[in-house]
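Notes follow the structure.
The values are calculated or read from the model by the stated rules, or taken from the named source; none is laboratory data. These numbers come from a predicted model, not from an experiment. Glycine also receives a Cβ, built like all others from the backbone with ideal geometry; neighbour counts cover every protein chain displayed. The protein model used for the area step is the full one, side chains on, heavy atoms only, and it has no ligands, DNA or RNA in it. Shrake-Rupley method; radii C 1.70, N 1.55, O 1.52, S 1.80 Å.
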Amino acid sequence: CPWAMDVGSAPDVCSTELNDKVVAYLQSIPYVRGQCIQVCAYKDGEKVVSCWAGRYRQKSYQLGARSSFARVSEHTLFPCYSVAKGFSAAGIQLLLEQGRLDVTQTVASRWPAFAANGKQDVCP
């Protein structure tokens, strides 16, 4: 039986209409054991969204001990893997659209040291 996400927010730090909408959306998601999220967004240097939801598995390193689930907070650390690829692809696409990157131009024409060891003809 699904139940609502356990949602938290930092109203003293971030009290915006957008933050309230994100919190309401997170509360509408049925909770699945181990599912968790943190959302933080800035606009013009000001934090406009800061909220989190769910519970994560806390590992116990004691022999025979069982793992437990803890509430996500603004201080919970999550491992992040392969997150730069999407941002890199978006940045490259923007440069192409703006005409600031030419895919026929060699990498060495912008980064001369790259031409070492026979790489002078490599194109992006």
Prolate/oblate/rounded call for the range 39-124, Cα gyration tensor, a/c under 1.5 rounded
oblate
Listed residues 42, 31, 56, most fluctuating in the chain (Gaussian network, C-alpha, under 10 Å):
42
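Can you tell me which of 17-26, 78-87, 97-106 comes out highest on packing, and rank the rest after it, using the mean Cβ neighbours within 10 Å?
Numbers: 17-26: 15.6, 78-87: 7.5, 97-106: 10.1.
Ranked from most to least packed, the peptides come out as 17-26, 97-106, 78-87.
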If Lys and Arg each add +1 and Asp and Glu each add -1, what is the summed charge of the other residues whose beta carbon sits under 12 Å from the beta carbon of residue 18?
0
Please compute the contact order of the chain in relative form: average sequence separation of alpha-carbon pairs under 8 Å and at least six residues apart, divided by the residue count, as a percent.
18
In whole percent, how big is the carbon plus sulfur part of the accessible area of the chain, probe 1.4 Å, protein atoms only?
56
